[in-house]
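A short worksheet on the structure shown next.
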Amino acid sequence: MQVQATALRQARRLLLAAAVFLLAGCSTLIPQTVGLRTGWPAGVPQQVELAQVPFFPQDEYQCGPAALATAMKFAGAAVQPQALVEEVWLPARQGSLQLEMLAAPRRHGFVSLRLAPTYSDLLREVAAGHPVVVLQDVGMMLPQWHYAVVNGFDYGTGTIYLRSGLNPRQEMPFSYFERTWLAGKYWAMVVTAPDDIPVTATESRWLEALLGLGRSGEHQAAVRGYRAALQRWPESLPAAVGLANHLHASGALEDAAGVLRSALQQYPDSVVLMNNLAQTLSDQGRHADALFVIRKAEDPRNPFAGEVRATRQLIEQRMRGQM
Amino acid sequence: MNLAFKKTTCRVLVVSLFALSLQTAHAGLIGADQAAAGTTSPERAMLLSTLDRTDVVAQLQAAGVDPLAARERVKSMSDQEVHAMAQDMQAAPAGGVSTWGWVAIVLVAALVWYYAIRK
């Protein structure tokens with residue numbers, strides 16, 4: 001009897017240890033799903049499904065263009081997956097790179113924002129009405145990268161809803177989805193109109209996203225994006241500079257000068273603002289005003305001293321030309 | 001195991017090893033035709049980003065993208081993104097060989113060694 005009892009106790013202890021190991025294993029295999037069980041993000045409803053998100057069944061490898069078209073169309077772009085193939089498809093790799101997925105919507109005047117690699121940001125964006133493009137590894141043995149669009153979830157049943165491949169409504173458990181998503185380091189992005197800042201966006205990430213938009217020459221869209229940024233982060237100096245630059249680029253010099261002047265009230269010592277204001281005034285033909293502004297910006301220790309000098313020389317040259 | 005079967009297995013394995021290794025070897029050629037354009041500022045960062053852009057355009061072309069389209073595609077990336085792209089375009093997931101691919105290569109190599117060399 002004594003022996004049996006000891007054996008039983010040992011077996012129990014072993015079972016407990018096994019259970020602990022198993023659970024510990026679980027939490028490292030699907031750390032974020034385990035985290036969601038206790039910490040559901042605040043303010044996110046338990047069930048969301050964006051039924052209006054369009055669906056484009058994709059050809060074999062072209063999940064990138066299809067997923068992108070899904071998100072862009074929902075954001076308001078008139079675009080078809082076939083047209084996007086030329087913009088994001090890499091023939092030699094039989095796929096699309098993440099950076100190119102981020103770059104493509106900008107050429108159409110939309111903003112793409114990479115999300116922070118967390119479940120809570122994904123859920124918050126979907127709850128806010130933004131379908132999320134995700135990168136998954138859906139291969140069994142060898143990696144097989146795949147882009148899909150998350151358009152809903154249900155906490156009760158622990159299900160994520162996706163527009164994926166040929167499946168207009170793929171249901172995937174939170175845990176399994178995390179495994180496929182983890183392989184690509186939780187890569188996720190949203191596409192929005194420039195005046196619709198995603199809920200999870202921070203000032204620096206949004207401004208970074210707008211940089212790309214501005215580079216692609218979409219000045220009107222960039223103006224909308226920077227205006228929205230200034231509304232949400234009124235203190236932002238880079239947003240003011242960006243807004244003024246794109247107003248300038250689209251020909252609205254008076255508006256650009258106005259933005260710079262009001263930003264100068266907040267940041268009276270900003271050399272960047274003074275330099276750009278002087279340039280704008282000079283471009284309007286108000287060289288004397290421009291010279292007055294640029295003189296205040298002269299400080300040889302400033303990192304922009306070179307630019308300031310160049311602006312001043314340009315203004316003086318223009319003034320000589322007038323005489 | 002008879003000799004003919006062993007030989008066939010060996011051949012198959014050698015061929016598959018070659019196929020896999022060719023997949024991993026990618027040419028990272030830098031295109032000489034990309035003239036650096038629009039560098040008015042002599043700042044180093046600017047120069048670097050231009051170099052990166054040229055590099056990425058060349059890499060896109062090497063991956064089968066039309067030269068004009070490649071330039072367009074790179075245009076709408078921020079400097080930071082171009083830099084990241086130049087660094088790891090070959091390694092970024094799009095459907096290449098990664099961890100499991102290496103496991104497969106090692107496995108195949110081990111099998112080749114076992115059948116062909118260790119008689």
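Other residues lying with their Cβ under 12 Å from the Cβ of A:Phe110 contribute a combined charge of +1, Lys and Arg counting +1, Asp and Glu -1.
Across chain A, Cα pairs under 8 Å and at least six residues apart give a relative contact order of 14 percent. For the segment A:97-105, counting C-beta atoms of other chains within 10 Å of every residue's C-beta and taking the mean gives 6.
When every alpha-carbon pair in the range A:154-223 is counted, what percent end up more than 20 Å apart?
Working: 1224 of 2415 pairs.
Everything past 20 Å amounts to 51 percent.
Between the exposed loop cleavage positions of chain A, defined as trypsin sites (Lys or Arg not before Pro) in a non-H, G, I, E, B DSSP state with at most 13 neighbouring beta-carbon atoms within 10 angstrom, the longest gap is A:1-184. Contact order for the range A:47-192, expressed relative to its length and based on alpha carbon pairs under 8 Å spaced 6+ residues apart, stands at 29 percent. Give the whole-number value, in cubic angstrom per residue, of the convex hull volume spanned by the C-alpha atoms of the range A:47-192. Per residue, the Cα convex hull of the range A:47-192 comes to 99 Å³. Modelled this way, with points 7 Å down the Cα-to-C-beta line, the labels at A:Glu316 and A:Ala78 are 5.3 nm from one another. Across the range A:203-322, C-alpha contacts under 8 Å between residues 6 or more apart give a mean separation that, scaled by the residue count, equals a relative contact order of 16 percent. Look at where the Cα atoms of the range A:136-199 and of the range A:285-323 average out, and the two centres are 53 Å apart. Oblate is the label for the range A:192-276, because the ratio a/c of its alpha-carbon gyration tensor axes (a ≥ b ≥ c) is 1.5 or higher and a/b is not greater than b/c.
When A:His248, A:His146, A:His130 are sorted by how many other C-beta atoms sit within 10 angstrom of their C-beta, beginning with the fewest, the order is A:His248, A:His146, A:His130.
Remark on the range A:118-255: Rg and Dmax equal 18.2, 61 Å (Cα only). With each label modelled as a point 7 angstrom along the Cα→C-beta vector, the A:Gln4-A:Glu235 pair spans 7.4 nm.
Counting only alpha carbon atoms, the long axis of helix A:203-215 and the longest principal axis of chain A meet at about 60°.
Rounded to two decimals, what is the ratio between the C-alpha radius of gyration of chain A and 2.2 N^0.38 Å?
Values: Rg = 26.7 Å, N = 323, 2.2 N^0.38 = 19.8 Å.
Taking the Cα Rg and dividing by 2.2 N^0.38 Å, one obtains 1.35.
Laboratory data are not the source of any read-out in this text; all were calculated from the coordinates shown. Here the structure is a predicted model, which is why all the values come from computation and not from measurement. Note that each Cβ is placed from the backbone with ideal geometry, even for glycine, and that neighbours are counted across all protein chains shown.
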